[in-house]
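Everything below concerns the one structure shown next.
What follows is calculated from the coordinates using simple rules that are stated; it is not laboratory data. These numbers were taken from a predicted model, which means no experiment stands behind them. Positions of Cβ are generated from backbone atoms using ideal geometry, with glycine treated the same way; all protein chains shown enter the neighbour counts.
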Amino acid sequence: MFGNRRFARYPVNLRLRLQLPAGELETTTEDVSLAGFSAPCPDLPEVGTTFGFVVHLPDGRTVSGSASAMRVAPDGLAGFSCEFTPAELPAWEAFLRQEQASGGVWRMLARYATSSGEDAEAARSVLEKGRFGILFRRLGGEKKDSEADPPTSIRLHMVGENGEAYRVAFEKHPSEPPEASAFAAAAPKVLELARRACTRILREDVFLKRSPQATVEPVRLVELARGGFGYVVQHPGGKPGLMGLHGSELIAVEVDGKPVFPFFDPGDLERIACDTFRREPEDSRPSSSPAEAAAVPLKEERFSPAYAHRDVNARDAARTSEDELRRLLAQSQRVQTRSYGQRTLKLFPDLWLEVERPAAWPGPVRGFTMEDGPALCVFVLEGKDAPRVVRLEAGDLLSLIRAGGEG
């Protein structure tokens, strides 16, 4: 949020225990900041109520403090301010600095890394299935009145660490300045905010899933005057706000196999898939300890203004073996590492793989290489059920994809 929030918020799902007056409640954060968090609460406390809480961090540690209920939305999502003791605050600050440096790829991987068994399999695929009713009809499908109708499926795609999906949407489709857009007919405060903070606005909604637990929702995309992308929201009481988008969102690209606005073609999706790392290696490397993270100032997360698109040319793929791949990983100069308790993941953004497993899925999948402890994986950004993590197996056909230069 910009304009009426002091601290950047990150869409992170952490296990949360609230010690409410009516009893302890176990829930999951929707987003977090230095000064608070939001979470769904079926038993909502009164605004102003203060109580204790415990948050479980991805590395297995817990931090605790006191929280106050600040707002309660009609959908049951509550916002809380929080305070930590001097002993607990450094761990929370270190976690937020790591989130700031990690970006959307790591936020997605946190689901994979902290899941196990059947939950891990579910977390690897982000293909949404269910009855979306009005959403499906707004996206161009036919009305489905009978419960016997087959379920609607929505195919989601990452938007890219630098918001490449948003950038492509503005390139492909008409946009308007705030005073000529739908905001011109909105409340004066909304138009005033849009004029002050936005340069242009798409004429149609895109459909985003802003966090792993969020629903797919329509969003009127805006280009921010200060750089990056966002959308306008209206709070209870009519007060408008501007919600920033961070690059960890998923965008709907198909409903029941039919392309939907902004109608990305295969070339667009490949371009978006290549937008996987936002910052230079020295800035993007996650901190390995609270002490190391404490040395880095916590600041607002933004898209990189110096981003240059990297093309990955799949036509230059060359067959490789597991031994050769491990040798190249050992030599790679660009690695990101993050630990989740006893589990350590390593990402190699410059080493892209094409993997064929004909008995499991049609066609190849492509993405950058990962190590999950001793296991080799590929973070799939193109191909069946992307984005997801695939562990390499004996018999997989591996091809190393040459990365092109910046430009």
Flagged as over-length at 24 Å C-alpha distance, from LYS209/LYS346; LYS258/LYS384; LYS172/LYS209, the pairs are LYS209/LYS346
A chain fully extended from TYR340 to ALA318 at 0.36 nm per residue, minus the present Cα-Cα distance, gains in nm 4.6 nm
Subtracting the Cα-Cα distance of LEU328 and GLN19 from 0.36 nm times their residue separation yields 106.3 nm
Burial-style ranking of 245-253, 76-84, average other-beta-carbon count within 10 Å with highest first, yields 245-253, 76-84
Mean Cβ-within-10 Å packing, highest first, puts peptides 57-63, 345-351, 257-263 in the order 345-351, 57-63, 257-263
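Report the extension gain between GLU192 and MET243 in nm, rounded to one decimal, defined as 0.36 nm multiplied by the number of residues separating them, less their alpha carbon distance.
16.8 nm
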For 26-35, 164-173, 392-401, ranked highest to lowest by mean beta-carbon neighbours within 10 Å, the order is 164-173, 26-35, 392-401
For THR199 and ARG220, extending 7 Å from Cα along the Cα-Cβ vector and measuring point to point gives, in nm, a value of 2.0
Applied in sequence order to the range 195-207, the curve 6.51 cos²θ - 1.76 cosθ + 1.60 (Karplus, θ = phi - 60°) yields integer Hz couplings, x standing for Gly and Pro, of 4, 6, 10, 10, 9, 7, 9, 5, 7, 10, 6, 9, 10
